[in-house]
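The values are calculated or read from the model by the stated rules, or taken from the named source; none is laboratory data. Bear in mind the structure is a predicted one, so any value in this text is a computation, not a measurement. Neighbour counts run over all protein chains shown; Cβ positions are idealised from the backbone, glycine included. For the accessible areas, the whole protein counts, side chains as well, though only heavy atoms, and no ligand, DNA or RNA atoms are used. Shrake-Rupley method; radii C 1.70, N 1.55, O 1.52, S 1.80 Å.
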Amino acid sequence: MDTSETNCINGIVINGDFDKSETKAVDVQLQCNLLTDGQSKFSIKAIKDNLVAMKYYTGFLDYKHFMFFFGILGPAVNHLQSRSSRLTPVNQLLLTLIKLRQAKDDVELSFMFRVSEATVSKTIIKWINFLYFQLKEINIWPSQSTVQQHMPTGFKRLFPHTRVLLDATEIPIQKPSNVNSQSATFSTYKHKNTLKAMIGCTPHGCVSYVSDCYGGSVSDRQIIERSPLCKEASKYFERNDSIMADRDIMVQD
């Protein structure tokens, strides 16, 4: 077998054809270099000087931006460090961002950070809840002038008054044990139990609205009818604003 198709992670030989892109190469190289060393584990220090790795794993442009975000979470972040945890709060954030951005399995993250799968799962759940409560008060709805300023030229020529683009997304969940919950969360579109939310983005592609989550049996129209976009329209929209949405939503009603 070609040596380029053989990669080692934590002493395990894995065979397969890897994408030759730069980001995939960074992913494989970093994991091999770090995890085959018995004294090493994946950490923010390992990638802080690598701009490609920082962008690939965290979505932040560089280490400075990553630490700025960590800093704005406030002193409460220090309470997330338990006595038994081998991960510092900053590396707990890194682990969570990798999970969100790259959708890696818990077992792979446990190899990378040299912790148990249970620790990975508990860390992610803890941080998802923490980030929600810390960031939920941020107003992500941009002004009309901001949307117009950043609207792509081609889009603006065809749909100049668009304020937001709406579409629903569904997230698969474990089948509930309660029969009523099973019925409420079963999606006939996905043929599985899901949670459903309405996502809005600007013409430029920035997420500007996220609705509450509902069971997968709820229709797109029902979510819109219950959202503040309808109940508090004057707070969100100005004269001549328009909404681009899937035909099932029927926002014109």
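Ranked from the most accessible area to the least, with a 1.4 Å probe and all protein chains present, what is the order of Lys122, Lys41, Lys136?
Largest accessible area first, the residues go Lys122, Lys136, Lys41.
With a probe of 1.4 Å, find how much accessible area the range 62-219 has per residue, and write the answer as a whole number in Å².
On the way: 9360 Å² over 158 residues.
Value for the range 62-219: 59 Å² per residue.
Just reorder Leu165, Leu95, Leu195 by solvent-accessible area, largest first, 1.4 Å probe, all chains present.
Accessible-area ranking of Leu165, Leu95, Leu195, largest first: Leu195, Leu165, Leu95.
Quickly work out the Asn178-to-Ser82 label distance, labels modelled 7 Å from Cα along the C-beta direction, and quote it in nm with one decimal.
2.6
With the contact rule set at Cα under 8 Å and sequence spacing of 6 or more, what percent relative contact order holds for the range 83-139?
35
Quick check on packing: order 103-109, 139-145 by the mean number of other C-beta atoms within 10 Å, highest mean leading.
The most tightly packed comes first, giving 103-109, 139-145.
Per the 1.4 Å probe, what fraction of the accessible area of the range 145-237, in percent, lies on carbon and sulfur atoms?
Numbers: 3030 of 5670 Å².
Carbon and sulfur together cover 53 percent of it.
Just how large is the dipole of the range 81-194 about the Cα centre, in debye to the nearest 20, putting +1 at every Lys and Arg Cβ and -1 at every Asp and Glu Cβ?
With only Lys, Arg, Asp and Glu charged at Cβ, the dipole is about 120 debye.
What figure in square angstrom, to the nearest 10, would you give for the accessible area of Leu97 with a 1.4 Å probe?
Per-residue accessible area (Leu97): approximately 20 Å².
List, in the order given, every pair from Lys55/Lys156; Lys48/Lys99; Lys45/Lys136 whose Cα-Cα distance in the structure shown is over 25 Å.
Those over the limit are Lys55/Lys156; Lys45/Lys136.
Per residue of the range 219-235, in order, report the coupling 6.51 cos²θ - 1.76 cosθ + 1.60 (Karplus, θ = phi - 60°) as ³J(HN,Hα) in whole Hz, putting x for Gly and Pro.
7, 4, 4, 4, 5, 5, 4, 8, 8, x, 4, 9, 6, 10, 4, 5, 6
Along each of its three principal axes, how wide is the spread of alpha-carbon positions in the range 160-253, in whole angstrom units, largest first?
Extents along the principal axes, in whole Å: 47, 25, 20.
Excluding residues on the same chain fewer than 8 positions from Lys192, give the lysines whose Cα lies under 21 Å from its Cα.
Partners within reach: Lys175.
Order Arg221, Arg114, Arg239, Arg163 by their accessible area, 1.4 angstrom probe, all chains in place, largest first.
Output order, biggest surface exposure first: Arg239, Arg221, Arg114, Arg163.
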